[in-house]
Amino acid sequence: MSISVRATAVRFDDAQMWVELEDGRTIGVPLVWFPRLLRGTPEQRSDYFISPSGLHWDTLDEDISIEGLLAGRGDLTRPRSSNSHVA
């Protein structure tokens, strides 16, 4: 059985999403990791709910797991561009 930490609050600045966790940590992730949130208005971003599994924005059709944030994963619904050019 895995033990997971839950979010208690979410806030945004111009470039980051900040997620406060029940264990006292705050995670900051770039908004570019989540294009739907990046394109959303401040009102849409503030219309979220927290569940045991993560963060949810119905109006933006976005669901983010805390486990994914802690693992450094962004939006997995679209392919990532390959920037691994070796010079």
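Within segment 1-47, report the GluC sites (Glu not before Pro) that DSSP leaves as loop and that have at most 16 other Cβ atoms within 10 Å.
Working: sites: Glu20, Glu22, Glu43; in loops: Glu22.
Listed in order of number, the matching sites are Glu22.
For segment 3-73, which trypsin sites (Lys or Arg not before Pro) are both in a DSSP coil and crowded by at most 10 other Cβ atoms within 10 Å? Write down the numbers at each step before the final one.
Details: sites: Arg6, Arg11, Arg25, Arg36, Arg39, Arg45, Arg73; in loops: Arg6, Arg25, Arg73.
Sites meeting the loop and neighbour criteria: Arg25.
About its Cα centre, what dipole magnitude does segment 1-64 give when the only charges are +1 on Lys and Arg Cβ and -1 on Asp and Glu Cβ, stated in debye to the nearest 20?
Working: 6 positive and 11 negative charges, 28 e Å.
Using Cβ point charges on Lys, Arg, Asp and Glu, segment 1-64 gives about 140 debye.
Within a Cβ distance under 15 Å of Gln44, other residues only, what is the Lys/Arg minus Asp/Glu net charge?
Numbers: positive: Arg11, Arg36, Arg39, Arg45; negative: Glu43, Asp47, Asp58, Asp61, Glu62, Asp63.
Result for the neighbourhood of Gln44: -2.
Working from the alpha-carbon coordinates of segment 7-70, get Rg over Rh, Rh being the Kirkwood radius. Mind dumping the intermediate values first?
Numbers: Rg = 10.7 Å, Rh = 11.7 Å.
Rounded to two decimals, Rg over Rh is 0.91.
Read the figures in this text as sums done on the coordinates, not as results from a lab. Just so it is clear, the structure is predicted and the values come from calculations on it, not from any experiment. Every residue, glycine among them, receives a Cβ derived from its backbone with ideal geometry; neighbour counts consider all protein chains shown.
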